[in-house]
Amino acid sequence: MEFGIRTLDEAELAGKTVLCRVDINQPVDRASESLRSINRIRACVPTVRELSDRGARVVLLAHQGSDIEYQNYYTTRPHRAVLEQLLERPVQWIDDVCGPAAREKIRGLKDGEILLLDNVRFLAEEQTLFEMKLRLTHEQQAKTLLVEKLAPLADLYVCDAFAAAHRDQPSLCGFEQVLPSYMGRLFQKEYCTVSRLMEMPDRPCLFVLGGAKVSDAFGMLPVVLSKGIADRVVTGGLVGNIFLAALGRDIGSGSRSFLERSNNSQYLEAAKALYERYGDKILLPRDLAWVEDGCRKEAHLGEIPGDITSTDIGSATAEAYRREILRAKTVFVNGPMGVFEQESSAAGTKTVWQALADTEGFTVLGGGDSITATESYGLTQRMGYLCTGGGALIRFLSGEELPVVRALRHGADVTKQ
Ligand code: 3PG
């Protein structure tokens, strides 16, 4: 037991049917039906392998993409082959989640066999919009179709999806009501590492916030700033642009209309209020970069051409952020500084990431894109800790008890009926 949650060391697994929730949510290339990155799949392999090696009949539940913006919202079919390759053993797959076909397949599993179900978010009750609208309690989640159909077929539940631990959805929080529950090895490593680090971070503690998923960032910022957890915050990507736009700085009409189209202009008010209160702690981009005719261009604020869409922080900003990072003793990072996948927009992220590798401070990086950037620069071994969770890490850092942690604590006392 760690932090009130059972670990796999305490589980009897041989011959047992185990529902194992993983987070293998990855960017998808629909045209070739392949995954653009496999780091989250790789991260959950030790747990899946251990369950199978110890003779469990393993049923993997996973989501792919988000129903909020329908980006990467896709079947889990491409993940099967990757899992199979990494595990070096067969992985079965079915295009069903909890219907008769899936249930029959689960009943037919033999000891050690592994079955991956389709995207759980194909069920309405697993969707994030549904979660936000209905706010089901964990007791209510135990009465959803998914839990009612699958729990009777299983002996225990394992959650290895720390990256989704901030979500309050039945595949994550419902099974713990009715099945003895455990955290998987990845969940254990991620949760315990960040918990211990947060107990007393070395100062100064810097937050580096970028990327495109901004809702969690704006949920966390007021907390980490008001509680004094963050001594300084540096901003890039959409987060930086939202602050600049909120303060009336010109970021180009393309950047502005992107904020509107992506439904992010709703954060302008919050950004303005935060900056008014904590402006001395929040560093904003002083220059931006964009791509014109295939070439990188940069300009300082005030000199940005009217119609551009920025895709990176500029080099003066990157240099200022580099110095902040080298001074910090603890650095939490969520999200790249721009569209780092494109060479002409990668410089800001590259400079910041090199500083993260060079700093003597302890670095914790969260989220799929942060990990992809780290791997693509060959810096994995030089970072303090790479966490598969982006939103989950952010929510954890805001001091909230994560819904999945609460559910797993409950599930530690549940016995199979
Ligand atoms: C993530 O990508 O942060 C996790 O997989 C959770 O996905 P979500 O933000 O769509 O719930």
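The values are calculated or read from the model by the stated rules, or taken from the named source; none is laboratory data. The structure displayed is predicted, hence computed values, not measured ones. No Cβ is skipped: glycine too gets one built from the backbone with ideal geometry, and neighbour counts run over all protein chains shown. Ligands, DNA and RNA are excluded from the accessible area calculation, which covers all protein heavy atoms including side chains. Shrake-Rupley method; radii C 1.70, N 1.55, O 1.52, S 1.80 Å.
The table that follows gives values for the structure above.
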quantity	calculated
Selected residue (only one of 139, 113, 148, 176 is farther than 23 Å from residue 72 by Cβ and without any contact (Cβ under 8 Å) to a residue 12 or more places away in the chain)	148
Close pairs from region 213-233: first within 16 Å of the ligand (Cβ to nearest atom), partner part of a loop (DSSP other than H, G, I, E, B), Cβ under 6 Å, at least 6 apart	214/264; 220/398
Number of positions in region 402-417 that are assigned to a loop (DSSP other than H, G, I, E, B) and over 16 Å from the mean Cα position of the chain (by Cα)	6
Residue that is nearest to the chain's Cα centre (by Cα), among those in region 262-276 that are within 19 Å of residue 223 (Cβ to Cβ) and of a type outside the set (Asp, Glu)	267
Test: residue in region 300-310 that is closer than 22 Å to residue 351 by Cα and free of Cβ contacts under 8 Å to residues at least 40 places away in the same chain	yes
Residues of region 201-212 satisfying the condition of being within 16 Å of the ligand (Cβ to nearest atom) and touching a strand residue (DSSP E or B) at 6+ places or on another chain (Cβ under 8 Å)	209, 210, 211
Residue check, residue 131 crowded, with 21+ Cβ neighbours inside 10 Å, over 16 Å from residue 41 (Cβ atoms) and within 16 Å of the ligand (Cβ to nearest atom)	no
Listing of strands (runs of 3 or more DSSP E) fully contained in region 165-237 that carry 2 or more residues being among the charged types (D, E, K, R) and open to solvent by 40 Å² or more (accessible area, probe 1.4 Å)	none
Helices (runs of 4 or more DSSP H) wholly inside region 39-149 containing at least 1 residues that are within 23 Å of residue 180 (Cβ to Cβ)	39-53, 100-107, 138-141
Positions within region 55-74 being buried (at least 18 other Cβ atoms within 10 Å of the Cβ) and more than 15 Å from the ligand (Cβ to nearest atom), in sequence order	56, 57, 58, 59
Helices (runs of 4 or more DSSP H) lying entirely in region 297-394 (those with 2 or more residues that are in contact with a Ser or Thr (Cβ under 9 Å, 6 or more places away or on another chain) and at pLDDT below 95)	368-376
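Listed here are the residues, each with its yes/no results for (1) over 16 Å from residue 212 (Cα atoms); (2) among the β-branched types (Val, Ile, Thr).
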position	(1), (2)
366	no, no
381	yes, no
405	yes, yes
416	yes, no
